[in-house]
Amino acid sequence: MVAVEGKATTISKEKKEKGKIPSYLIYETLDGIPVYYKGYREVLGKTKTFEEIMAYGDLQAIFLTYIRNYLQSALGKEYFIIQGETGVHVGHKTNPSLDLCIFLARQISLKNAANKYFEIAPQAVIEVDTKADVQFFEQESGSNYFIKKTKKLLEFGVKEVVWIFTQEEKVMVARPDQPWLTVDWKDEIEVMGHRFPIEKVIEESEAASE
């Protein structure tokens with residue numbers, strides 16, 4: 001009986017604490033479950049500021065810029081690439097935040113913008129690591145964060161979802177109705193019909209800046 005009461009007390013305490021988490025610490029929502037920024041606990045504990053946890057690290061920022069420039073050059077003016085926490089409304093209480101989105105250029109127009117989440121599916125999405133507190137989401141949902149987010153995007157109509165993991169130097173490529181592939185940086189991947197290894201993007205981008 002004591003153990004049960006202890007467990008109930010812990011659950012009650014966690015619920016109260018969750019109720020105190022301000023909305024600005026929400027990175028995105030998936031199936032109505034808030035996904036908080038990695039480091040949100042430090043902000044609540046006042047050991048970090050919100051600005052410190054929301055900004056890209058230099059590694060991710062440079063990586064995304066390299067990928068964007070490489071693909072924009074390869075794809076040309078037919079496609080429009082948006083970089084940096086793009087919000088997309090993909091379904092009921094599901095609004096993922098995306099690092100890099102590739103849209104058909106004809107779908108994008110400033111005059112039609114309404115200061116809200118995009119409601120059209122990008123052709124492709126590329127994510128570099130994540131700003132999400134994955135552990136919190138997975139405890140709340142019982143689902144793997146990366147798989148859940150990828151599935152939601154593919155179901156919405158995104159044709160290709162690419163995850164780049166910098167620490168592990170791995171790339172995962174997912175397409176609807178096809179096996180998901182995980183490869184090393186030295187291996188070729190295909191994005192929007194163009195085949196290349198991530199290593200090539202890094203090497204060519206670094207060489208161009210010398």
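Looking only at residues in segment 89-112 that are charged (D, E, K, R) and under 28 Å from Pro34 (Cβ atoms), which one is surrounded by the most Cβ atoms within 10 Å (Cβ to Cβ)? Lay out the reasoning, then the answer.
Applying the first criterion (charged (D, E, K, R)) to segment 89-112 yields 93, 99, 106, 111.
Imposing the further condition that a residue be under 28 Å from Pro34 (Cβ atoms) reduces the set to 93, 99.
Details: Lys93: 11, Asp99: 26.
This residue is Asp99.
Can you tell which of Gln107, Gln139, Gln167, Gln123 is more than 24 Å from Asn69 (Cα to Cα), polar (S, T, N, Q) and over 13 Å from the mean Cα position of the chain (by Cα)? Before you say what the answer is, go through the steps one by one.
Values: Gln107 fails: more than 24 Å from Asn69 (Cα to Cα); Gln167 fails: more than 24 Å from Asn69 (Cα to Cα); Gln123 fails: more than 24 Å from Asn69 (Cα to Cα).
From the options Gln107, Gln139, Gln167, Gln123, the qualifying one is Gln139.
In this structure, does Glu28 turn out to be acidic (Asp, Glu) and under 15 Å from the mean Cα position of the chain (by Cα)?
Details: acidic (Asp, Glu): yes; under 15 Å from the mean Cα position of the chain (by Cα): yes.
Yes, satisfied.
Scan segment 39-88 for residues that are of a type in the set (D, E, K, R), buried (at least 18 other Cβ atoms within 10 Å of the Cβ) and at pLDDT below 95 and report the count.
Within segment 39-88, the subset of a type in the set (D, E, K, R) is 41-42, 46, 48, 51-52, 58, 68, 77-78, 85.
Still in the list and also buried (at least 18 other Cβ atoms within 10 Å of the Cβ): 68.
Pick out the ones that are also at pLDDT below 95 and you get none.
Going through segment 39-88 one residue at a time, the tally reaches 0.
Would you please name the residue that is surrounded by the fewest Cβ atoms within 10 Å (Cβ to Cβ), looking only at residues in segment 168-197 that are in contact (Cβ under 8 Å) with a residue 40 or more places away in the chain and aliphatic (A, V, I, L, M)? First the steps, then the outcome.
Initially, segment 168-197 is screened for residues in contact (Cβ under 8 Å) with a residue 40 or more places away in the chain, giving 191-192, 194, 196.
Among the residues that remain, those that are also aliphatic (A, V, I, L, M) are: 191-192.
Numbers: Val191: 20, Met192: 15.
Step by step, filter segment 168-197, then rank; the result is Met192.
Do you know which residues across segment 57-106 are free of Cβ contacts under 8 Å to residues at least 12 places away in the same chain and assigned to a loop (DSSP other than H, G, I, E, B)?
Answer for segment 57-106, where residues must be free of Cβ contacts under 8 Å to residues at least 12 places away in the same chain and assigned to a loop (DSSP other than H, G, I, E, B): just Gly57.
Which residues, taken from segment 45-56, are β-branched (Val, Ile, Thr) and assigned to a loop (DSSP other than H, G, I, E, B)? Lay out the reasoning, then the answer.
Within segment 45-56, the subset β-branched (Val, Ile, Thr) is 47, 49, 53.
Thr47, Thr49, listed by residue number.
On the given criteria, is Gly142 exposed (fewer than 12 other Cβ atoms within 10 Å of the Cβ) and at positive phi?
Values: exposed (fewer than 12 other Cβ atoms within 10 Å of the Cβ): yes; at positive phi: yes.
So Gly142 fits the description; yes.
For segment 23-44, which positions are in a strand (DSSP E or B) and farther than 17 Å from Ala55 by Cα? Please lay out each step first, then the result.
Of the residues in segment 23-44, the ones in a strand (DSSP E or B) are 26-30, 33-37.
Within segment 23-44, Thr29, Leu30, Ile33, Pro34 meet the criteria.
The values are calculated or read from the model by the stated rules, or taken from the named source; none is laboratory data. Everything numeric here is computed off the predicted structure, so don't read it as measured data. As a convention, Cβ positions derive from the backbone with ideal geometry for all residues, glycine included, and neighbour counts pool all protein chains shown.
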